[in-house]
Every structure is written in structure tokens, then in C-alpha cells.
1. Mind listing whichever residues of the range 203-217 are closer than 12 Å to Thr178 by Cβ and not polar (S, T, N, Q)?
2. Determine whether the range 251-267 contains at least one residue that is open to solvent by less than 20 Å² (accessible area, probe 1.4 Å), part of a loop (DSSP other than H, G, I, E, B) and either modelled with pLDDT of 95 or more or closer than 30 Å to Leu88 by Cβ (or both).
3. Filter the range 301-324 for residues that are open to solvent by 60 Å² or more (accessible area, probe 1.4 Å), part of a helix (DSSP H, G or I) and farther than 21 Å from Glu113 by Cβ and give the result.
4. If you go through the range 254-284 one residue at a time, how many are touching a residue at least 24 places away in the same chain (Cβ under 8 Å) and basic (Lys, Arg)?
5. Are there any pairs with C-beta distances below 6 angstrom linking a residue in the range 58-85 that is acidic (Asp, Glu) to a residue that is buried (at least 22 other Cβ atoms within 10 Å of the Cβ), with the two at least 6 apart or on different chains, and if so which?
6. Taking the range 229-250 as the region of interest, how many residues are modelled with pLDDT of 95 or more, open to solvent by 40 Å² or more (accessible area, probe 1.4 Å) and in contact with a strand residue (DSSP E or B) (Cβ under 9 Å, 6 or more places away or on another chain)?
7. So for the range 128-140 (the condition being within 19 Å of the chain's Cα centre (by Cα) and assigned to a strand (DSSP E or B)), does at least one residue qualify?
8. If you go through the range 268-300, how many residues are touching a strand residue (DSSP E or B) at 6+ places or on another chain (Cβ under 8 Å), farther than 19 Å from Pro128 by Cα and either surrounded by fewer than 18 Cβ atoms within 10 Å (Cβ to Cβ) or not polar (S, T, N, Q) (or both)?
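The values are calculated or read from the model by the stated rules, or taken from the named source; none is laboratory data. Computed from a prediction, not measured in an experiment: that's the story for all the values here. All Cβ positions, glycine included, derive from the backbone under ideal geometry; neighbour counts span all protein chains shown. For accessibility, only protein heavy atoms count, side chains too; no ligands or nucleic acids. Shrake-Rupley method; radii C 1.70, N 1.55, O 1.52, S 1.80 Å.
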Amino acid sequence: MSQTSISFGLIGAGIMGERMLRAALDQPATALRVSGIWDPSAEAMERIAAALPAVAQQPDAAALIAASDCVYIASPPSSHLAHARAALAAGKAVFCEKPLAVDLADARAFVAEAGERGAVNFPFASSPAVARLRDWIASGVVGTPERISIEVAFATWPRSWQVDAAGWLDGPAQGGFTREVVSHFLFLTRRIAGPFADLAAKASFPEAGKSERRIEATLTAGALPVTLTGSVGTTAKDDHNVWTLEGNKGAVRLCDWSHAERRRPDGSWERDPEALSQNEARPLALRRQLEGVAKLTRGEKHHLATLREAFDVQEIVETILKSA
């Protein structure tokens, strides 16, 4: 394996696959080069060919894996582990979309098999806004942490930009906002506060054959109590979310993915003056994620979400969904 350039192949040419592909193409060729992409959908491959004709299209997953040092898996969740196991069996590193899987027993077995050879794409590991929150926390703005709250809401599910994938995104087997969105904030919570315990939850599935429309949960992360609420049809926004950490001296929060804020003494909130929009922050986070991918592939220490962290998140998510 080259110590200067990682060959990076992508399975899945949907929204996330194309987004990661474009980010990879922006990397210096001396650090990372794209070995190709594969998707079982001819329509998806045609779309990529029209938009990015220079990208190699591999004939199947096996060829894609053979051509790559690291395989990024952005196919629907139920297919993640089969592709990941094939890549690991071929001696390749794995960078997988969340959720790691939807079958807890299989995911637990996979984490034990894979060891340190894989990671999961939780971009909060590389988020500029999360970095600012951690700086504030380290500087004493919060004091002694006391509690965390997570609130997510959507005008509709799937979100307007996801309608092409609604077939699985709005099904109870693989989709729903708890897997797709809440998982990000659970990862953030676990990384900042520690392992999960003491979950009590309730999920609501009012539409037959559709994913959840409301969840409520309490749990602990490390020593901190966590409250979680999520709902569809309760906001005019495509996507609204707030993650808040409160302490005995103050509070910090992350709003709508990319806006770090800290609470003033008068109770109002002050936004980080360097805060970026999500469209501005995303490419920065993806670039840093891919820097982590290169380190993962070389067997070096990295900052990406580990398979263990991803499984811990998945275990909470699936338990919430089974609470209906």
C-alpha cells in the first residue's frame, strides 16, 4: 500500500455517495485518489457518468474492492455489513455510512471481527462547530457539566431533498429520522460525555408501513442525564435540531448542524462569530473526514468514529425504535 496516496473506492451512488465522491475528487492526488464507484442501479451510474465522466465506473462490488485501499460504503443500511466484510476479507480498510447496520447481533459480531480496520462516517468528528463547542467546554464556559438535551424536528420525512430515496428512508426496516439524524447527535453525546446506559424510550409509528413520526427518550451518557425528543410535522423547517450541554456555570449548544452558541449571563444566546452555514461547513468537515480515512487506511491513529462508537449509537437507536 502506498504511503503517500490512498486509493478510495465508493459503493453507492446516491446522495451521500456523490457528496463523498466530489469531496474525494477535491483531495490532493498525492494524498487520496478515487479508484472508482459502483452502484447496482444503472440509473444512478448513468447520473454519475453524466456529472463526473472522468470517474471510473467499476462493474461490480468485487472489482471496486479489488481496485481500492479503502472502501466507502454508502448503500442502504441492510447491505452495509456484507460489503464491509467483503472489503475486510480482501485486506482493505472500510469507511461506512451510518447506521453501521440495522441488525444488532450481526453488527456486534462485525465489530468484534473488524477490530481497528473500520470507521463510520459521523461528520461531527470533523465539524468546525463541534470543535468550537469543545474549545468552550475546555475553557470552563460550562463549568461542571450537568445535563444534555437533544431536540430534532422535521416538516416532513423524508426531507425534501431525499425524496428519491424515500422507498427505504421512510420504511421501518432501514429508514426513519432516528437512524438518519438522531444517530449523529447520539454520537456527539457519546464522544463528549461517555458511554450510554439507563435508556427509557417510546417511539410512535402512526402510519402503517412507514417509519416513526415521534420519539421520546431518557438515558445517561457517562454521568450525565440526557433527554431526547424527535418529531415530524412540528416545524416549518426541512430540518431543525438543537443539541445542548448545560453545566453549573453556563451552557453551550449546537443549532441546525453548524451553529455553535453559548449562553450569556442574561440567558440569551451568543452565536460563534465564525459560525458557518451548513453548506459552508460541510466541505470542511468532509475534507477532514477524508484526512482521517487516509490515516485509518495506513493503520495510523485517527479521529473518525470508531466501529465501537457506531455500534453503541446503533444499539440505542434500535432500542428506541423497538419501544413502540
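1. Passing the criteria: Ala203, Phe205, Glu212, Arg213, Arg214, Ile215, Glu216, Ala217.
2. Within the range 251-267, one or more residues are open to solvent by less than 20 Å² (accessible area, probe 1.4 Å), part of a loop (DSSP other than H, G, I, E, B) and either modelled with pLDDT of 95 or more or closer than 30 Å to Leu88 by Cβ (or both).
3. Residue satisfying the conditions is Thr319 alone.
4. Residues in the range 254-284 being touching a residue at least 24 places away in the same chain (Cβ under 8 Å) and basic (Lys, Arg): 2 in total.
5. The qualifying pairs are Asp69/Ile6; Asp69/Thr297.
6. Qualifying residue count, the range 229-250: 6.
7. Looking through the range 128-140, none of the residues is within 19 Å of the chain's Cα centre (by Cα) and assigned to a strand (DSSP E or B).
8. Residues in the range 268-300 being touching a strand residue (DSSP E or B) at 6+ places or on another chain (Cβ under 8 Å), farther than 19 Å from Pro128 by Cα and either surrounded by fewer than 18 Cβ atoms within 10 Å (Cβ to Cβ) or not polar (S, T, N, Q) (or both): 3 in total.
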